[in-house]
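Novice: Right, I'll just put the structure down here and ask away after.
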Amino acid sequence: MMYGQLCTEFYDADKNFSPNDEVSFYLQMFSKNDLILEPMCGSGRLLIPLLQAGLNIHGIDNSKAMLESCKKRAKSLNLIPILIESNIEDIFLPEKYDGIIIPLGSLQLFYPREVAFNVLQIFKNHLKPNGKLIMDLFIPWDALYKDNEEEFNTREIKTSDGSIIKSTHHNKANKYEQIISCENNYKKYINNKLTMEEKENMHICWYYRYEVELILEKYGYHNIQCVERFLNGETYMTFIAENS
Ligand SMILES: C[S@@+](CC[C@H](N)C(=O)[O-])C[C@H]1O[C@@H](n2cnc3c(N)ncnc32)[C@H](O)[C@@H]1O
């Protein structure tokens with residue numbers, strides 16, 4: 001399972017909402033008449049500030065916990081977002097979009113990578129002619145430089161209700177396959193008492209710049225640009241590509 005209840009609580013406490021510069025980037029890319037789709041919108045970290053800024057954006061995610069949090073966080077700001085609960089691999093939506101955005105490397109969660117390629121085709125089918133695909137991808141440079149490709153780390157965060165969530169992460173990178181296998185564990189403590197535990201397994205694939213450009217070309221995107229951006233404490237390559 002990915003992005004369950006504890007992971008969602010951790011994510012929201014850790015990331016909350018997008019900063020202004022991330023929001024203004026999308027305001028430069030789109031106008032208020034455009035219809036935008038955010039696949040893998042999660043708990044609305046970016047979707048909610050974009051709605052607040054006046055963009056017309058729909059979200060899709062397959063995590064109940066993330067979507068519930070998105071609805072709740074939006075409601076507290078008097079917003080009712082249009083959200084669809086679905087696997088991205090299964091979508092066949094009635095609308096075509098002016099833009100599809102996938103921030104912070106979410107496309108890298110599709111595994112094996114053929115699933116990501118299929119998803120790029122699905123996105124193309126949902127874009128209007130000349131509609132834009134915008135996606136941030138990252139390269140895990142730390143994993144590349146280590147001799148030992150295995151890594152353990154722990155984190156701890158205080159949530160808005162005062163409880164503590166401790167997470168442990170066991171990552172194994174395969175540099176030749178460009179994949180990290182992650183085993184994550186979340187434990188929630190209220191008044192020092194363990195109240196809930198959640199395990200999560202996921203894979204993160206990575207892609208290099210010119211590889212991405214070739215893949216996008218293969219799937220019929222054109223006018224491909226890549227810009228380097230610093231988001232959420234990491235460097236990302238943001239690809240902007242157009243449907244034909
Ligand atoms: C890193 S979070 C990103 C959330 C949001 N886009 C943001 O910028 O904060 C990745 C999201 O992808 C969702 N997800 C992962 N695999 C998915 C799939 N196959 N179909 C739909 N959503 C998926 C997860 O539930 C999670 O909410």
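The values are calculated or read from the model by the stated rules, or taken from the named source; none is laboratory data. Just so you know, these numbers come straight off a predicted model, no measurement behind them. Cβ placement follows ideal geometry from the backbone for every residue including glycine, while neighbour counts extend to all protein chains displayed.
Novice: For the range 19-44: of the residues being charged (D, E, K, R) and farther than 19 Å from F110 by Cβ, which is surrounded by the most Cβ atoms within 10 Å (Cβ to Cβ)? Lay out the reasoning, then the answer.
Specialist: Of all residues in the range 19-44, those charged (D, E, K, R) come to 21-22, 32, 34, 38.
Still in the running and farther than 19 Å from F110 by Cβ: 21-22, 32, 34.
Working: D21: 10, E22: 19, K32: 9, D34: 17.
So, considering only residues that are charged (D, E, K, R) and farther than 19 Å from F110 by Cβ, the one surrounded by the most Cβ atoms within 10 Å (Cβ to Cβ) is E22.
Novice: Out of S63, S106, which single residue is over 30 Å from Y176 (Cβ atoms) and within 13 Å of the ligand (Cβ to nearest atom)?
Specialist: Step by step, each of S63, S106 is checked, and only S63 is over 30 Å from Y176 (Cβ atoms) and within 13 Å of the ligand (Cβ to nearest atom).
To keep it simple, each residue is scored yes or no on (1) over 17 Å from S106 (Cβ atoms); (2) surrounded by 14 or more Cβ atoms within 10 Å (Cβ to Cβ); (3) hydrophobic (A, V, I, L, M, F, W, C).
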position: H203; (1), (2), (3): no, yes, no
position: Y207; (1), (2), (3): no, yes, no
position: E211; (1), (2), (3): yes, no, no
position: L214; (1), (2), (3): yes, no, yes
position: Y221; (1), (2), (3): yes, yes, no
position: Y236; (1), (2), (3): no, yes, no
position: F239; (1), (2), (3): no, yes, yes
position: S244; (1), (2), (3): yes, no, no
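Novice: Of the conditions (1) surrounded by fewer than 17 Cβ atoms within 10 Å (Cβ to Cβ); (2) within 16 Å of the ligand (Cβ to nearest atom); (3) over 26 Å from F230 (Cα atoms); (4) among the aliphatic types (A, V, I, L, M), I157 satisfies every one except a single condition; which number is it?
Specialist: Result: I157 passes all but (3).
Novice: Of the residues E156, E228, E177, E234, which is in the same structural domain as C41 (by TED's automatic domain parsing), free of Cβ contacts under 8 Å to residues at least 12 places away in the same chain and more than 25 Å from H58 (Cα to Cα)? Before you say what the answer is, go through the steps one by one.
Specialist: On the way: E156 fails: in the same structural domain as C41 (by TED's automatic domain parsing); E177 fails: in the same structural domain as C41 (by TED's automatic domain parsing); E234 fails: free of Cβ contacts under 8 Å to residues at least 12 places away in the same chain.
Answer to the selection: E228.
Novice: Could I ask something else about it? What are the pairs, 6+ residues apart or on separate chains, where a residue within the range 86-112 that is among the hydrophobic types (A, V, I, L, M, F, W, C) and in a helix (DSSP H, G or I) has its Cβ under 6 Å from a residue that is modelled with pLDDT of 95 or more and near the ligand (Cβ under 9 Å from one of its atoms)?
Specialist: Sorted first by the residue in the range 86-112, then by its partner, the pairs are I88/P39; I88/V119.
Novice: Of these, I48, I80, which one is under 17 Å from Y11 (Cβ atoms) and in the same structural domain as N125 (by TED's automatic domain parsing)?
Specialist: Details: I80 fails: under 17 Å from Y11 (Cβ atoms).
Only one candidate qualifies: I48.
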